[in-house]
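Since the structure comes first, as structure tokens, the remarks are kept for the end.
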Amino acid sequence: MREITIDKNENEQRLDRFLKKYLAEAPQGFVYKMIRKKNVKLNGTKVQPETTIYEGDKIQLYLSDETIDKFIAKKEEIRSKIIPNIIYEDNNIILINKPIGILSHGASKEFEENIVDSMVSYLIQKGDFVPRIQKTFTPSICNRLDRNTSGIIIGAKNYEALKTINEAMKNSKIRRFYKTIVKGNIKKEFMAEGFLSKDEERNRVTIYRDDVDGAKKIETIIKPLKNNKGYSLLEIELITGRTHQIRGHLSSLGYPVIGDRKYGDSDINKKFKEKYSLENQWLHGYKIEFNGLQDELQYLNGKIFTSEVEGKVGEIEKDLFE
């Protein structure tokens with residue numbers, strides 16, 4: 001028999017979900033079979049898969065050590081060459097300014113540098129995260145940006161922070177703002193609504209004015225910051241957060257994002273590529289406003305964090321609007 005003591009990073013989750021992570025290499029259904037056969041107890045009593053576990057609880061596994069060790073996933077040492085550009089950090093969260101060309105998280109079995117690994121590697125070196133002590137939890141990110149979109153990534157350093165921020169984002173309590181440059185003059189702030197349909201094979205979206213089967217409603221607040229030479233610097237607030245929403249929505253309204261090879265204007269893109277070597281969309285997630293956070297993260301409510309536009313993206317903004 002092996003006994004597992006639940007700590008704060010496993011607190012308040014279903015028993016079956018915890019065991020699926022703890023015994024990650026076990027065949028599908030193994031956890032439910034163990035529970036059904038009463039090989040799992042919580043604080044010495046029988047349990048159901050949906051039973052909630054809390055910090056300080058003790059789970060008893062009536063299996064051999066050999067079986068348990070066989071099914072526990074081996075944690076690979078995470079090493080990243082990327083030093084995260086940290087905007088803000090405390091005991092619960094870390095805000096990172098993601099550069100263009102870097103993935104938010106690993107996308108395949110083959111390793112490629114990404115923000116998640118750089119964050120975890122940084123926290124290991126700092127001593128804030130010790131993998132061998134944690135049973136199932138690894139620091140994670142709460143929002144994602146496309147490879148070629150720069151901006152603020154929210155990282156959660158513990159399970160409570162991850163759960164709380166994800167819940168606030170699900171309820172649209174955390175406001176997310178982007179900067180972008182488009183062709184065309186937008187003079188007044190407005191709310192744009194539409195319906196987005198995604199072609200998974202082509203990884204491309206289509207925006208409709210009216211509802212169509214399978215499309216999801218989108219809402220985008222568009223606010224002009226500056227205008228010059230037929231271009232507009234915009235602040236975009238996402239009310240909904242769909243794939244390629246900003247780029248697809250602006251293009252459908254006749255205001256293509258400069259550099260956008262998927263939804264943009266090829267002639268405009270060519271101009272900015274020749275002058276600035278701009279290869280991808282000019283889009284930066286520059287501001288986060290926290291609201292709706294509960295319990296231990298209430299201190300963040302009302303706080304606003306911003307990040308600077310860097311590199312050639314920043315150079316273009318200065319040339320056009322300063």
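Before moving on, here are some points about what is shown:
- Once the Cα gyration tensor of segment 90-228 is diagonalised, semi-axes √(5λ) in Å: 33, 18, 17
- Average accessible surface area per residue within the chain, 1.4 Å rolling probe, Å²: 54 Å²
- Using a Förster distance of 30 Å, the FRET efficiency for residue 261-residue 227 (Cβ separation, nearest 0.05): 0.80
- Amide hydrogen proximity for residue 140: with H placed 1.01 Å from N in the peptide plane, the residues at 5 or more positions away or on another chain lying under 5 Å are 156.
- Backbone N atoms of segment 120-150 closer than 15 Å to the 7 Å Cα→Cβ label point of residue 310 belong to residues 148-150.
- Largest accessible area first, the listed residues 1, 191 line up as 1, 191 when surface is computed with a 1.4 Å probe on the assembled protein chains.
- Share of carbon and sulfur in the accessible area of segment 25-89 stands at 49%, probe radius 1.4 Å.
- Spin-label model, residue 202 to residue 70: label points 7 Å out along the Cα-to-beta-carbon direction sit 4.9 nm apart.
- Additional length obtainable on full extension of the chain from residue 81 to residue 322, 0.36 nm per residue less Cα span: 83.3 nm
- Working from Cα pairs under 8 Å separated by at least six residues, relative contact order for segment 1-153 is 23 percent.
- Per-bin percent of Cα-Cα distances, segment 273-316 [10 Å]: 24, 32, 21, 17, 6, 0
- 20 Å-binned pair-distance histogram of the chain (Cα, whole percent): 27, 50, 20, 2
- Summarising the label geometry, the points placed 7 Å from Cα in the beta-carbon direction at residue 128 and residue 147 lie 2.8 nm from one another.
- Prolate/oblate/rounded label for segment 191-322 (Cα gyration tensor, a/c 1.5): oblate
- Cα Rg, Dmax, segment 87-145, angstrom units: 11.9, 34
- Overall form of segment 134-210 per C-alpha gyration tensor (a/c, 1.5; a/b vs b/c): prolate
- For the pair segment 152-194 / segment 224-302, the C-alpha centres are spaced 11 Å from each other.
- Structural descriptor for the chain: relative contact order 14 percent, calculated from alpha carbon pairs under 8 angstrom and at least 6 residues apart.
- Among 286, 276, 255, residue whose mean-square fluctuation peaks in a GNM of the chain (springs only between Cα atoms under 10 Å): 276
- Cα gyration tensor, segment 53-117 - rounded (a/c under 1.5), prolate or oblate: oblate
- All other residues whose Cβ lies under 12 angstrom from that of residue 271 are scored, Lys and Arg at +1 and Asp and Glu at -1, for a net of +2.
- The C-alpha radius of gyration of segment 171-213, expressed as a fraction of 2.2 N^0.38 Å, stands at 1.54.
- Share of carbon and sulfur in the accessible heavy-atom surface of segment 157-308 [1.4 Å probe, %]: 41 percent
- Calculated FRET value between residue 277 and residue 113, using beta carbons and R₀ = 22 Å, to 0.05: 0.55
The values are calculated or read from the model by the stated rules, or taken from the named source; none is laboratory data. Everything quoted here is computed from the prediction, not taken from an experiment. Here Cβ is always computed from backbone atoms with ideal geometry, including for glycine, and neighbour counts include all displayed protein chains. Please note that ligands, DNA and RNA were not included when accessible areas were found on the heavy atoms of the full protein model with its side chains. Shrake-Rupley method; radii C 1.70, N 1.55, O 1.52, S 1.80 Å.
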